[in-house]
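Worksheet: the structure to be examined is printed underneath.
The values are calculated or read from the model by the stated rules, or taken from the named source; none is laboratory data. These figures come from a predicted structure and were not determined experimentally. For neighbour counting, all protein chains shown are included, and Cβ atoms are generated from backbone atoms with ideal geometry for every residue, glycine included.
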Amino acid sequence: MLEIDINLIKKHAKPGPRYTSYPTAPHFHESFTPDNFRDETIRTNQGANLPDLSLYFHLPFCDTLCYFCGCNMIVTHNRDRISRYIGYLKKEIDLISSFISADRETVQLHWGGGTPTHLNPDEITDLAAYIHDRFDCKNVMEAGCEIDPRELTKNHLEALKDGGFNRISMGVQDFNEKVQRSVNRIQPEDMTRQVVEWVRDLGFQSINLDLIYGLPLQTIGSFEETVDTIIDISPDRIALFNFAHVPWMKKHQKLIQLEDLPVAEEKLHILKMATEKLVETGYVFIGMDHFSKPDDELAVALKEKKLYRNFQGYSTHAGTDLYAMGITSISQFGRIYAQNVKKEKEYFAMLDKRMLPTAKGCYLTDDDMLRRFVITKLMCDFELQFGLVEEKFDIDFKTYFAWGLTNLKEMIEGELIAVKNGVMKVTKTGRFLIRNIAMNFDGYIERKEDHSRYSRTV
């Protein structure tokens, strides 16, 4: 049984990065060029025993604007615009694949957005076939796609299944009609249940449903009804996200009425209710905002300490090289991160010149590599062996991280973490604050070089 101490979480929670990368995206810079991306791609595709591939494709288009959305998306009904984008995405696929060793296998593939199923079934079939022709996808173990039930037909799902997809992720957020109207996302329960039934009938391996707490007009009672319904639907995975109200980054969030948002105290009680109910039902609390059934690969990876984290969140495939295609997408391999341009016009122009559409990125220093290893271990294993870090990077852990360890003393006293015999372990309650724990090992924060505005961690 997981019991959450609200006062303890409230005491330590504050804004911070999500650590889908380290360094985090605000530290990417425009001096990192397409040539830098190309050179690192060539360098990391030489030699034997190369890492497997993870591929991400960003399909930014949506039918309607959800006011809470924090994604890089484009609302459009212009089918020619969508078709043109797919054509240029193929150009990027051709360019990237030309640099990648032909014997490297793709083990993970993901379509995100936006709403990938804003493509019609024929476009899905065509793009999936194109990807499979350019990359070795015969041993893909995980192929996931984000869908929106509001404009979905069974034909869309059939096209995804035929295209090799085996996992589906779908946003629900909240079933309460008042909440849905306040964020401009009307999605009746029957619609969601119908899509889940189709997914299961077609034989997909797994389905994930997303929920968001902290939306306008949300209450503990109303959200409990949503959680009860989700438990009844019984998805394999559940993501319970904290609504990040960042109108300085996402201008459309100004459409949300501030007075309708639950206060911080109520948000925490909503989180407490939802988490305790899910765990009591049998879901495994993976960490931060993820839950899965005990036999799901995510829960197994957590138990076996094989969990990994990248820009798609928690993953079961550590050690892959991530190549991401489409506007705004972020690649991660070797010693680099590289993010594509944000605007279609610039994306098209660069690809017309056979240039990689890189806008910014960074090379990781030795210090970055060390801190990324530490933060990733904490975020994924919820445990850190000081000796392992010392052996791998030839440092004295307590000296190198003296600043962070000093800061963590209060969390140790609050039983959010425990340190014994050179091993730091994060408690179940501490997992809610794992971002705050990880911040103490962030060199940019320690050196006061991080001036970004982040959402609150819980």
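Give the range 61-90 a look and list any residue that's among the aliphatic types (A, V, I, L, M), more than 19 Å from ALA349 (Cβ to Cβ) and in a strand (DSSP E or B), or say none.
Going through the range 61-90, the residues among the aliphatic types (A, V, I, L, M) turn out to be 65, 73-75, 82, 86, 89.
Applying the additional criterion that residues be more than 19 Å from ALA349 (Cβ to Cβ) yields 65, 73, 75.
Correct list: VAL75 only.
Given THR44, THR33, which one is assigned by TED's automatic domain parsing to the domain that holds ALA244 and in contact with a Phe, Trp or Tyr (Cβ under 7 Å, 6 or more places away or on another chain)? I'd like the intermediate steps shown before the answer.
Working: THR33 fails: in contact with a Phe, Trp or Tyr (Cβ under 7 Å, 6 or more places away or on another chain).
Exactly one of THR44, THR33 is assigned by TED's automatic domain parsing to the domain that holds ALA244 and in contact with a Phe, Trp or Tyr (Cβ under 7 Å, 6 or more places away or on another chain), namely THR44.
Working only within the range 31-45, note down all residues that are in contact (Cβ under 8 Å) with a residue 12 or more places away in the chain and either farther than 18 Å from LYS342 by Cβ or touching a Cys at 6+ places or on another chain (Cβ under 8 Å) (or both).
Within the range 31-45, PHE32, ASN36, ARG38, GLU40, THR41, ILE42, ARG43, THR44, ASN45 qualify.
Any idea which of (1) within 25 Å of PHE241 (Cα to Cα); (2) surrounded by fewer than 16 Cβ atoms within 10 Å (Cβ to Cβ); (3) of a type outside the set (Ser, Thr, Tyr) is the one ARG79 doesn't satisfy?
Of (1) within 25 Å of PHE241 (Cα to Cα); (2) surrounded by fewer than 16 Cβ atoms within 10 Å (Cβ to Cβ); (3) of a type outside the set (Ser, Thr, Tyr), only one is false for ARG79: (1).
Here's a check for you: in the range 104-121, which residue that is of a type outside the set (Val, Ile, Thr) and part of a strand (DSSP E or B) is farthest from LEU202 (Cα to Cα)? Please lay out each step first, then the result.
We begin by selecting, within the range 104-121, every residue of a type outside the set (Val, Ile, Thr); these are 104-105, 108-114, 116, 118-121.
Now narrow it down to the ones that are part of a strand (DSSP E or B): 105, 108-112.
Details: GLU105: 26, GLN108: 20, LEU109: 19, HIS110: 19, TRP111: 19, GLY112: 21 Å.
Among those residues, the one meeting the criterion is GLU105.
Looking only at the range 40-60, count every residue that is farther than 25 Å from ARG309 by Cα and not in a loop (DSSP other than H, G, I, E, B) and tell me the total.
Residues meeting the conditions: 0.
Among PHE32, PHE68, which is surrounded by 18 or more Cβ atoms within 10 Å (Cβ to Cβ), among the aromatic types (Phe, Trp, Tyr) and under 23 Å from LEU215 (Cα atoms)? Give the steps one after another, and end with the answer.
Details: PHE32 fails: under 23 Å from LEU215 (Cα atoms).
The unique qualifying residue is PHE68.
Of these, GLY214, GLY203, which one is of a type in the set (Gly, Ala, Ser), farther than 22 Å from GLY282 by Cα and surrounded by 20 or more Cβ atoms within 10 Å (Cβ to Cβ)?
Values: GLY203 fails: surrounded by 20 or more Cβ atoms within 10 Å (Cβ to Cβ).
None of the other options fit; the residue is GLY214.
Tell me whether the range 122-138 contains one or more residues that are crowded, with 22+ Cβ neighbours inside 10 Å and in a loop (DSSP other than H, G, I, E, B).
If we filter the range 122-138 for residues that are crowded, with 22+ Cβ neighbours inside 10 Å, which is where we start, we get 124, 128, 131.
Retained after the next criterion (residues that are in a loop (DSSP other than H, G, I, E, B)): none.
No, the range 122-138 contains no residue that is crowded, with 22+ Cβ neighbours inside 10 Å and in a loop (DSSP other than H, G, I, E, B).
To keep it simple, each residue is scored yes or no on (1) at negative phi; (2) part of a helix (DSSP H, G or I); (3) over 23 Å from the mean Cα position of the chain (by Cα); (4) in contact (Cβ under 8 Å) with a residue 40 or more places away in the chain.
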{"residue": "ARG181", "(1), (2), (3), (4)": "yes, yes, yes, no"}
{"residue": "THR192", "(1), (2), (3), (4)": "yes, yes, no, yes"}
{"residue": "VAL195", "(1), (2), (3), (4)": "yes, yes, no, yes"}
{"residue": "GLU224", "(1), (2), (3), (4)": "yes, yes, yes, yes"}
{"residue": "ALA239", "(1), (2), (3), (4)": "yes, no, no, yes"}
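Identify all residues within the range 201-218 that are under 20 Å from the mean Cα position of the chain (by Cα) and in a loop (DSSP other than H, G, I, E, B); write none if there are none.
Narrowing the range 201-218 to residues under 20 Å from the mean Cα position of the chain (by Cα): 205-215.
The answer is GLN205, GLY214, LEU215.
Could you please tell me which pairs satisfy a Cβ distance under 8 Å, a separation of 6+ or placement on different chains, a first residue in the range 437-458 that is within 24 Å of PRO247 (Cα to Cα) and among the β-branched types (Val, Ile, Thr), and a second residue that is assigned to a loop (DSSP other than H, G, I, E, B) and modelled with pLDDT under 90?
THR457/ALA13; THR457/LYS14; THR457/GLY16; VAL458/ALA13
Among (1) crowded, with 20+ Cβ neighbours inside 10 Å; (2) out of contact with any Pro (no Cβ under 7 Å at 6 or more places or on another chain), which single condition is GLU146 missing?
(2)
What pairs come up if the first residue lies in the range 91-103 and is part of a helix (DSSP H, G or I), the second is polar (S, T, N, Q) and surrounded by fewer than 20 Cβ atoms within 10 Å (Cβ to Cβ), and their beta carbons are under 7 Å apart, counting only those six or more places apart or on different chains?
Here the result reads PHE99/ASN45, each pair linking the range 91-103 to a residue that is polar (S, T, N, Q) and surrounded by fewer than 20 Cβ atoms within 10 Å (Cβ to Cβ).
Just a yes or no: is a residue in the range 345-352 within 19 Å of THR44 (Cβ to Cβ) and at pLDDT 95 or above? Walk me through how you get there before you give the answer.
Step one: list which residues in the range 345-352 are within 19 Å of THR44 (Cβ to Cβ), which gives none.
No, that holds for no residue.
Taking the condition farther than 30 Å from LEU408 by Cα and part of a helix (DSSP H, G or I), does ASN7 pass? If you could, list the steps in order and put the result at the bottom.
Values: farther than 30 Å from LEU408 by Cα: no; part of a helix (DSSP H, G or I): yes.
Here the answer is no, as ASN7 does not meet what is asked.
Conditions (1) more than 18 Å from ASP367 (Cβ to Cβ); (2) under 25 Å from the mean Cα position of the chain (by Cα), marked per residue:
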{"site": "LYS392", "(1), (2)": "no, no"}
{"site": "THR399", "(1), (2)": "no, no"}
{"site": "GLU413", "(1), (2)": "yes, no"}
{"site": "ALA418", "(1), (2)": "yes, no"}
{"site": "THR429", "(1), (2)": "yes, yes"}
{"site": "PHE432", "(1), (2)": "yes, yes"}
{"site": "ALA438", "(1), (2)": "no, yes"}
{"site": "THR457", "(1), (2)": "yes, yes"}
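Of everything in the range 320-337 that's under 19 Å from LEU370 (Cα atoms) and in a strand (DSSP E or B), which residue is farthest from the chain's Cα centre (by Cα)? Working first, answer last.
We begin by selecting, within the range 320-337, every residue under 19 Å from LEU370 (Cα atoms); these are 320-321, 332-337.
Subset that is in a strand (DSSP E or B): 321, 332-333, 336-337.
Working: ASP321: 16, GLN332: 14, PHE333: 17, ILE336: 18, TYR337: 15 Å.
So, considering only residues that are under 19 Å from LEU370 (Cα atoms) and in a strand (DSSP E or B), the one farthest from the chain's Cα centre (by Cα) is ILE336.
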